[in-house]
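Engineer: Attaching a single structure in structure tokens format; questions to follow.
Please treat every number below as a calculation from the coordinates, not as lab data. Because the structure is predicted, anything quoted here is derived from the model rather than measured. When we count neighbours, we look across all protein chains shown, and the Cβ atoms used for this are built from the backbone with ideal geometry, even at glycine.
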Amino acid sequence: MGEMEQLRKEAESLKDQISAARKAVHDVTLPEIVSGTAVVGRVQLKTRKTLRGHLAKIYAMHWGTDSKLCVSASQDGKLIVWDSYTTNKVHAIPLKSSWVMTCAYAPSGNMVACGGLDNMCSIYNLKGKDGNVKVMRELAAHTGYLSCCRFLNDSEIITSSGDCTCALWDIETGTQKTIFSGHMGDCMSLAVSHDFNMFISGACDYTAKLWDIREGACRQTFGGHESDINAIGFFPNGNAVLTGSDDGTCKMYDLRADQELITYQDPSIMCGVTSLAPSLSGRLILAGYDDFNCNIWDSLKAERVGVLAGHDNRVSCIGVTPDGMAACTGSWDSFLKIWN
Amino acid sequence: MAQGSRDQGGVGTADPDDDSPNMIVYRKIEDLVTRLQDEKAGGVPIRTVKSFLSKIPSVVTGADIVQWLMKNLTIEDPAEAIHLGSLIAGLGYIFPISDHVLTLKDDGTFYRFQAPYFWPSNCWEPENTDYAIYLCKRTMQNKARLELADYEAENLARLQRAFARKWEFIFMQAEAQLKIDRKKDKTERKILDSQERAFWDVHRPVPGCVNTTEMDIRKCRREKNPQKVKKSVYGVTDEAQTHSPVHTPSQPTRKATKEDVQKEISFLNTQLDRHCMKMSKVADSLMSYTEQFLDYDPFVTTPEPSNPWISDDTTFWDLEAGKDPSQQRVKKWGFSLEETLKDPAGRDQFLKFLESEFSSENLRFWLAVQDLKRRPLQDVPSRAQEIWQEFLAEGAPSSINLDSHSYERTSQNLRDPGRYSFEDAQEHIFKLMKSDSYARFLRSNAYQDLLLARKKGKSLTGKRLTGLMQSS
């Protein structure tokens, strides 16, 4: 037997053992445990604000930590920081490259970041001395498009890329401190844990991976999806991972049981999931789809309990404020809507 | 593809041929549409309808389609069925015979099914030359029903300018296509003409309509056969391939190397050592978490006094930012030490309590290390030394209690100080606070007062007296 064959056989046998270990702890399913709980009632969220100003598809949005300011990125080549409560534009930042795919707000509120087909993550200082917003750093090293970025603090940022890797950067020196490689397909999105020690990534190899930021190592891998994972997020308790995929389903994986807990699907859903965000308690999961709507799922019972309908094109991004008060959806129809 | 290996995201299991991300969705819809058309298997009735002077072949009403969707997909709300039907129409699988706009209506409007040749799963990306041939062909026909719409006439004019030099070629192709079409039977032609028109309604939509063929630019590279010459609807080869910025040759999906597999094996070995928690336990903790926080979830429980987004009254936010935390907020601190420390007011109260017990150094150390992790790199070494001096060095003013093992590790880490030098120590101190001071904090008068909203300064006897006085 060739060496490659032998190695593959070894890998397969280990996988079988791991599957067996997972089955051993699978003493009950989530639906069984929650069978006694009532479905959370019908959830009807209404559009409270519409943020108008972008002239082309919106690809990403991210809430600031104050739950009022948010940043959005559009293919019209602009990054807009909104005071979503008053619907005023606080900053309208013109970008060098209009093919932007992601944006992020620093927890401190001092910076925003964005990136896309230029393969770079550009950091903008919002609190410059003369009041102008300028590029602070251009983080270049990825060999593929920048699909997502998230700040750890004002000095560190994590990025995911179409080159199948994620990276931790030191913003001041503009260098990659750690490269997280292991995915076999474009990394599409990432989410950082509440304690900033770990992050999760979803990729076009249909898997999600949990990474230890400090060690630079992949701790766990979750599979089961049948197509690209476009969206990923932590469950609020930090112990579970939510994913949304082009196969039209969302899944929840538990970190401690090391396996899938439940799938959120419906035979009448015939389009991919583009984005997702849990509500503050985690009981509700808001997911954006290609069919222009968002579905609200009861996370425990895996039933649809509401719909956000109002966009005229694909919902590309969704975010729930840190205080849980409102959800924001961004769409290819160039509008952002605030719901609750 | 082996499902088992897919579950664990094995190396090299993604099939490059199935790479197009929309395929799964297309297959789902195609299964549905096939069932929809299968009259023998409970599909919708497809009829030839007599119209004024002629017959309209092979049509079904929108209402019939909506009914079928509701029944076969157990959809209760007709609006949902219409929405799904419009999604299917938008992709071109069904189309209204008298409208360029592809939506489904729940009435007597007539719809027809698209030919599988034109289905989106065939990865059509028709060139403008094909579109020009089509529009040109339309102008050669005398039928009133085939007259160009305004936007089509505009498109044709634009294409004539763009292809001025090769218009003769396009004209000839259009004539050739017309010749082929004319050979067909009248009824068949009606159907084929409408299907061809619906195809172009998808790929060159009416201005203002959503173009459902638009792809997420992140996925464009991975469309099926991106390198091959795009096939023409009318069998025309076009040398001048347009190269949009997103259609640059992509890296083929990575093939696994020996190193990849070896890495995977060592990863799998560590996985095997992991302790998996039982599903029942995990599910229980998930349930209790959501239950605990349901009262704090504004989408489920209306916040007090009101949700600023709904009432336009920012009192809720003003209170949150203020000095006096609400009872509800204080209650949350009791859920876990993490919750207490997440809330600035909680941190303050806990710190005050620890100061009263002369044991605040633990929390101050923990906070200092949290801050260190966010500092700019250049500040880290000096700050780390300061923390060591304040909390850990011999004779430190705020000396904390560390076990010898953590102490050794930390002092070693400080030879090359970094953001995570105090990680072990911080974890140890956190556990200490959790198991010891935190529990006492929750039992303390200070916390209980806040929890039960007992105002400071008013004694119970004072209250009783006033109560007596009022009742007599």
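Engineer: Quick one: if the Förster radius is 35 Å, what FRET efficiency do B:Glu304 and B:Glu214 give, using the C-beta to C-beta distance and rounding to 0.05?
Structural biologist: Result of the calculation: an efficiency of 0.20.
Engineer: Can I ask one more? Taking the Cα atoms of segment B:72-214, report the difference between the largest and smallest coordinate on each principal axis, in whole Å and largest first.
Structural biologist: Over segment B:72-214, Cα extents along the principal axes are 56, 34, 28 Å.
Engineer: Please give me, ordered by residue number, the trypsin sites (Lys or Arg not before Pro) of segment B:398-447 that lie in loop per DSSP and have at most 11 other Cβ atoms within 10 Å. Write out the running numbers ahead of the final one.
Structural biologist: Details: sites: B:Arg409, B:Arg415, B:Arg419, B:Lys431, B:Lys434, B:Arg440, B:Arg443; in loops: B:Arg415, B:Arg419.
Sites meeting the loop and neighbour criteria: B:Arg415.
Engineer: Stick to the Cα atoms of segment A:144-283, pair each with every other, and give me the Kirkwood hydrodynamic radius in Å at one decimal.
Structural biologist: Working: mean 1/r = 0.0668 Å⁻¹.
With all distinct Cα pairs of segment A:144-283 included, I get 15.0 Å.
Engineer: How far is helix B:78-90 tilted, in degrees, relative to the longest principal axis of the Cα atoms in chain B, given as a value from 0 to 90 rounded to the nearest 10?
Structural biologist: Long axis of B:78-90 versus the principal axis of chain B: about 60 degrees.
Engineer: Report, in deg cm²/dmol and to the nearest 500, the calculated mean residue ellipticity at 222 nm for chain A, where each DSSP H run with n ≥ 4 adds -39500 (n - 2.57) and the sum is divided by the residue count. Show your work: numbers first, answer last.
Structural biologist: Values: 2 runs with 27 residues, N = 340.
It comes out at -2500 deg cm²/dmol, rounded to the nearest 500.
Engineer: Still on this structure, I have one more. Restricting everything to alpha-carbon atoms, can you work out Rg to Rh for segment A:215-340 with a Kirkwood hydrodynamic radius?
Structural biologist: Values: Rg = 14.0 Å, Rh = 14.6 Å.
Here the Rg-to-Rh quotient is 0.96.
Engineer: Work out the mean other chain Cβ neighbour count within 10 Å for the residues of A:275-284 and drop it here as an integer.
Structural biologist: What the average comes to for A:275-284 is 5.
Engineer: OK, next. By what distance, in whole Å, do the Cα atoms of segment B:154-228 stretch along each of the three principal axes, largest value first?
Structural biologist: Extents along the principal axes, in whole Å: 44, 34, 31.
Engineer: Can you tell me the equivalent ellipsoid semi-axes for segment A:1-55? Use √(5λ) from the Cα gyration tensor, largest first, whole Å.
Structural biologist: Values: eigenvalues 440, 153, 5 Å².
Semi-axes, largest first: 47, 28, 5 Å.
Engineer: Let me ask another. Once you order the gyration tensor axes a ≥ b ≥ c over the Cα atoms, which shape class does chain A get: rounded for a/c under 1.5, otherwise prolate or oblate by comparing a/b with b/c?
Structural biologist: Verdict is oblate for chain A.
Engineer: Per 5 Å bin from zero, what fraction in whole % of the C-alpha pairs of segment A:123-222 is there, up to the bin with the longest pair?
Structural biologist: Histogramming segment A:123-222 at 5 Å steps yields 3, 14, 24, 24, 17, 9, 5, 3, 1, 0 percent.
Engineer: What is the percent of Cα-Cα separations in segment B:368-418 that go past 16 Å?
Structural biologist: Of all Cα-Cα distances in segment B:368-418, 39 percent exceed 16 Å.
Engineer: Right, something else. Could you give the spread of the C-alpha atoms of the protein assembly as shown along their three principal axes, from largest to smallest, in whole angstroms?
Structural biologist: Dimensions of the protein assembly as shown along the principal axes of its Cα atoms: 101, 85, 62 Å.
Engineer: For chain B, what is the calculated [θ] at 222 nm in deg cm²/dmol (nearest 500), taking -39500 (n - 2.57) for each run of four or more DSSP H residues and dividing by its residue count?
Structural biologist: -15500 deg cm²/dmol
Engineer: Does segment B:70-121 come out rounded, prolate or oblate by the C-alpha gyration tensor, with a ≥ b ≥ c the root eigenvalues, rounded set by a/c under 1.5 and, if not, prolate when a/b is larger than b/c and oblate if not?
Structural biologist: In terms of gyration-tensor shape, oblate.
Engineer: How far is it, in nm, from the label point at B:Ser285 to the one at B:Ser51 when both lie 7 Å from their Cα along the line to the Cβ?
Structural biologist: Once both label points are built, they end up 6.6 nm from each other.
Engineer: Can I ask one more? Below 8 Å, C-alpha to C-alpha, sequence gap of six or more: please give me the relative contact order for chain B in percent.
Structural biologist: Normalised by residue count, the contact order of chain B is 10 percent.
Engineer: Could you work out, for chain B, what percent of all Cα-Cα pairs fall into each 10 Å distance bin, beginning at 0 Å and stopping at the bin that holds the largest distance?
Structural biologist: Here the calculated profile for chain B is 3, 12, 15, 15, 14, 13, 12, 9, 5, 2, 0.
Engineer: May I ask for log10 I(q)/I(0) of segment B:358-455 at q = 0.13, 0.19 Å⁻¹, from a Debye sum over the Cα atoms as equal point scatterers with solvent left out?
Structural biologist: Values, matching the q order: -0.50, -0.88.
Engineer: Could you give the length gained on full extension between B:Lys352 and B:Trp167, defined as 0.36 nm per residue of separation minus the Cα-Cα distance, in nm?
Structural biologist: Fully extending the segment from B:Lys352 to B:Trp167 adds 58.2 nm.
Engineer: Quick one: P(r) of segment A:111-150 from all Cα-Cα pairs, 10 Å bins, percents rounded to integers, in order of increasing distance.
Structural biologist: Binned Cα distances yield the sequence 33, 47, 18, 3.
Engineer: Along the Cα→Cβ direction, 7 angstrom out, place labels at A:Ser181 and A:Glu12. What is the inter-label distance in nm?
Structural biologist: 2.7 nm
Engineer: While we're looking at this one, here's another question. How many Cβ atoms of partner chains, on average, are near each residue of B:260-268 if near means within 10 Å of its Cβ?
Structural biologist: The per-residue average across the peptide is 6.
Engineer: Per residue of A:286-299, how many C-beta atoms from partner chains lie within 10 Å of its own C-beta, taken as a mean?
Structural biologist: Mean inter-chain Cβ contacts per residue within 10 Å come to 2.
Engineer: What is the distance, in nm, between label points placed 7 Å from the Cα along the Cα-to-Cβ direction at A:Asn132 and at B:Glu76?
Structural biologist: Roughly 5.9 nm, to one decimal.
Engineer: Next question, about the same structure. Report, in degrees rounded to the nearest 10, the 0 to 90 angle that the Cα long axis of helix B:423-435 makes with the longest principal axis of chain B.
Structural biologist: 70 degrees
Engineer: Same structure, new question: For the cross-link pairs A:Lys9/B:Lys28; A:Lys49/B:Lys71; B:Lys190/B:Lys231; A:Lys301/B:Lys278; B:Lys28/B:Lys186, which exceed 28 Å when the distance is taken from alpha carbon to alpha carbon? If you can, show how the numbers build up before the last one.
Structural biologist: Working: A:Lys9/B:Lys28 34 Å; A:Lys49/B:Lys71 36 Å; B:Lys190/B:Lys231 25 Å; A:Lys301/B:Lys278 19 Å; B:Lys28/B:Lys186 33 Å.
In this structure, A:Lys9/B:Lys28; A:Lys49/B:Lys71; B:Lys28/B:Lys186 exceed 28 Å between Cα atoms.
Engineer: Related question: Quick check of the Kirkwood formula: for segment A:62-113, what is the inverse mean of 1/r over all pairs of different Cα atoms, in Å?
Structural biologist: In segment A:62-113 this quantity evaluates to 11.0 Å.
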